[in-house]
């Protein structure tokens, strides 16, 4: 990768197919009585990973959302070398997403469609993990991490994202109060 910011390439058909497949897996895990509860949670985790990794572990660091520091690392190193310094961070932790999926009446498709991930450095991952009283993108704001949206090439409006998350139906389902 060169030193310039990569341009995001939308793949709407691939994205839709990936989400449909993940939804099918999650619905199977949630509805088939033969699935053991431990395996149910594992299958739900896999459905989340499948959506956020863009369908392949080799694409897990080629996400639309990346921190400035992660982009800098990716710009100066090979993909293999950079991967050792990066972390695929779920904006909403998987544990939280699994709990939402397990809630009665959960909108599986909406939850999985909203499962965003962001590439950060390992040090930034530690900062995000420490933000236990924050929700979603608000963790990034609290940790002082600038996220670049490769679809626009500009920093992501994290306060705006925070407002959307907390006023949406997902906030109540996750047990988070509105601001």
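Among 34, 66, 18, rank each residue by its count of other Cβ atoms within 10 Å, from fewest to most, as a rough exposure measure. Mind showing how you got there, number by number?
On the way: 34 6, 66 28, 18 19.
So the residues, fewest neighbours to most, are 34, 18, 66.
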Query raised in the report: How compact and how long is region 58-173, expressed as Rg and Dmax of its alpha-carbon atoms in Å?
Result: 14.5, 47
Report summary line: The residues 68, 96, sorted from fewest to most surrounding Cβ atoms within 10 Å, come out as 68, 96
Requested in this report: Project the alpha carbons of region 1-81 onto their principal axes and report the range along each, largest first, in whole Å.
Outcome: 51, 26, 18
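Provide the FRET efficiency to the nearest 0.05 for the residue 59-residue 122 pair, computing r from the beta carbons and using R0 = 22 Å. Intermediate values should be presented prior to the final figure.
Details: r = 19 Å, r/R0 = 0.87.
For residue 59 and residue 122, the calculated efficiency is 0.70.
Which FRET efficiency, nearest 0.05, do residue 109 and residue 42 yield, Cβ-Cβ r, R0 22 Å?
Working: r = 20 Å, r/R0 = 0.92.
The pair residue 109/residue 42 has a calculated efficiency of 0.65.
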Query raised in the report: To the nearest Å, what is the center-to-center distance of region 38-53 and region 73-117, using C-alpha atoms only?
Result: 10
Query raised in the report: If the chain between residue 35 and residue 9 were fully stretched, how many nm would it gain, using 0.36 nm times the residue separation less the Cα-Cα distance?
Result: 5.6 nm
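Bear in mind these aren't lab numbers, they're just calculated from the coordinates by the rules spelled out. The shown structure was predicted, so the numbers you read here are calculated from the model rather than taken from an experiment. Backbone-built Cβ (ideal geometry, glycine too); neighbour counts: all protein chains shown.
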